[in-house]
Amino acid sequence: MIPMVDLKEQYHSLKAEIDAALQEVLENTHFILGPNVRQFEEEAAAYLGAAHAVSCASGTDALHLALRAAGIGPGDEVILPAFTFIATAEAVSYTGATPVFVDIDPRTFNMDPQRVADAVTARTRALLPVHLFGQPADLPALQAIARRHDLVIIEDCAQSFGARRDGVMTGTAGLAGCHSFFPSKNLGAYGDGGMITTGSEAMAERLRQLRNHGSTRRYHHDFVGYNSRLDEIQAAILRIKLRRIDDYNEGRRRAAHQYTELLHDVVETPYEDPAGTHVFHQYTILTDRRDAIQEALAEAGIASAVYYPIPLHRQAVYREACRDVHLPVTESVCERCLSLPIYPELPPDTVEHIARVVRRAAGC
Ligand SMILES: *Cc1c(COP(=O)(O)O)cnc(C)c1O
């Protein structure tokens, strides 16, 4: 079976280093907010070119805490795409604000800035772009809209760790960048984890307090916070993997470019915006023969996945509130998208084998 993502090979290539780091944490027993968390935050901030990085328990929490720290709550509107993982919208809903879904650019799958501009109202407080599948959203256009209407930008970087737009890392363009270290993400831990990057000292301070029961001094609590911390074991693992993230992303790009070379004449292969560096969290094609291709792949023992089959405005949770929302590009992409296996270590002859099966099933 060829899986969507193979985490075993990476672990085995790092085994000696990771096992030693884990052993050290176990002996040290400083499990929460210890030295590895502090150093990982410093190293990740330096890598991303962010002034501050505050780790937390998951990417979902990173989004929630960032929105909370930005003061977003009931009565506010947040503009986001409907073609994303549910967590992007859930984080908005947790705060009591209203998620306002807009359509995407059919080439990049990211929020269409024109649709964003059309959706701004007097209640809009924030733009929440997602760098979907690892392709940076059109940040300059979103920044112009944010400036014009005095909005904050909170980036969902869960799929884009290490991706750049105009040479600048995603997660540093707005008030906050929200990262996920879910095991299958580009920078993956061995459990849940997340982080917020920000250029604002005040924001970082508030986030540190929010993630730790509203406290900066032990047993002094200034407001209702959360228990949302990255643990020391995950931080130790992430420090080791962070040193190799550029190689990992390069491996994904190599596999993606090979797929595109082999498939561009039979399906719609991913567009790469020349202003950005796509880090291919997913390799997602568009095709009218999705079912046939999936079936042929399954028969050949190759995994494939539909990210995402149902847009958020048509999910049971938001359907009623979004009765009048129509997003034709999003809806069409949901019916035609198909993601193929991709991970840094995916061998070229396996890409070739998968592409051969896709070509045959695409009717060529
Ligand atoms: C994975 C993901 C999240 C949530 O991250 P978790 O760490 O799983 O909570 C949020 N947004 C997007 C786009 C994601 O892919």
Item to check | Alpha carbon centroid spacing (whole Å) that separates region 194-215 from region 274-304 | outcome: 37 Å
Next on the checklist: Once you keep just the Cα pairs under 8 angstrom separated by 6 or more residues, what percentage relative contact order results for the chain?
Outcome noted: 22 percent
Checklist entry - With a sphere of radius 9 Å drawn around the Cβ of Arg211, what net charge do the other residues whose Cβ falls strictly inside it have (Lys, Arg +1; Asp, Glu -1)? => result +1
Checklist entry - When only DSSP loop residues count, what trypsin sites (Lys or Arg not before Pro) in region 63-168 have their Cβ near at most 15 other Cβ atoms within 10 Å? => result Arg107, Arg123
Checklist outcome for this item: The size of the Cβ-based charge dipole (Lys, Arg +1; Asp, Glu -1) of region 183-252 about the Cα centre, to the nearest 20 debye, is 120 debye
Checklist entry - Among Val78, Pro113, Phe133, which residue has its Cα positioned farthest towards the positive end of the charge dipole of region 60-140, with +1 placed on the Cβ of Lys and Arg, -1 on the Cβ of Asp and Glu, and the dipole taken about the Cα centre? => result Val78
Checklist outcome for this item: Per the C-alpha gyration tensor (a ≥ b ≥ c, the square roots of its eigenvalues), region 134-255 is rounded if a/c is under 1.5, else prolate if a/b beats b/c, else oblate; here it's oblate
Next on the checklist: Assuming 0.36 nm per residue, please report the length gained on full extension of the stretch Glu331 to His353 beyond their Cα-Cα distance.
Outcome noted: 4.9 nm
Checklist entry - With all protein chains present, how much of the accessible area of the chain (probe radius 1.4 Å) comes from carbon and sulfur, to the nearest whole percent? => result 50 percent
Next on the checklist: Sort Ser160, Ser13 by heavy-atom solvent-accessible area, probe 1.4 angstrom, most to least.
Outcome noted: Ser13, Ser160
Item to check | Per residue accessible area in Å² of region 7-242, where ligands, DNA and RNA are left out and the probe is 1.4 Å | outcome: 39 Å²
Checklist entry - Toward the positive end of the charge dipole of region 7-242, about the Cα centre and with charges on Cβ (Lys, Arg +1; Asp, Glu -1), which of Ser13, Val25, Ala50 goes farthest? => result Ala50
Checklist outcome for this item: With bins of 10 Å, the percent of all Cα-Cα pairs of region 246-361 per bin from 0 is 13, 40, 30, 14, 2
Next on the checklist: For region 246-361, what does the accessible surface come to per residue with a 1.4 Å probe? Please give it in Å².
Outcome noted: 47 Å²
Next on the checklist: Please compute the length gained on full extension between Ile32 and Gln315, using 0.36 nm multiplied by the number of residues separating them and subtracting their Cα-Cα distance.
Outcome noted: 98.2 nm
Checklist outcome for this item: Computed about the Cα centre, the charge dipole of region 36-91 from +1 Lys/Arg and -1 Asp/Glu charges at the Cβ has a magnitude in debye, to the nearest 20, of 40 debye
Next on the checklist: Tell me the net charge near Arg356. Cut-off is 15 Å between Cβ atoms, Arg356 excluded, with +1 for each Lys or Arg and -1 for each Asp or Glu.
Outcome noted: -3
Item to check | Taking the C-alpha atoms of the chain, convex hull volume expressed per residue in Å³ | outcome: 132 Å³
Checklist entry - Can you tell which of Ala316, Ala292, Ala305 lies farthest toward the positive end of the dipole of region 290-353, using +1 and -1 charges on the Cβ of basic and acidic side chains (Lys, Arg; Asp, Glu)? => result Ala316
Next on the checklist: Given the DSSP H assignment, sum -39500 (n - 2.57) over each helix run of at least 4 residues in the chain and divide by its residue total; what's the result at 222 nm in deg cm²/dmol, nearest 500?
Outcome noted: -12500 deg cm²/dmol
Next on the checklist: Could you sort the peptides 183-196, 263-276, 211-224 by per-residue average Cβ neighbour count (10 Å cutoff), highest mean leading?
Outcome noted: 183-196, 263-276, 211-224
Item to check | Cα centre as origin, Lys/Arg/Asp/Glu Cβ charges: region 7-242 dipole, Debye | outcome: 220 debye
Item to check | Summed side-chain charge close to Asn36 - residues other than Asn36 whose Cβ falls under 14 Å, Lys, Arg +1, Asp, Glu -1 | outcome: -3
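The values are calculated or read from the model by the stated rules, or taken from the named source; none is laboratory data. Because the structure is predicted, anything quoted here is derived from the model rather than measured. Here the Cβ is made from the backbone with ideal geometry for all residues, glycine too, and neighbour counts use every protein chain on show. For the accessible areas, the whole protein counts, side chains as well, though only heavy atoms, and no ligand, DNA or RNA atoms are used. Shrake-Rupley method; radii C 1.70, N 1.55, O 1.52, S 1.80 Å.
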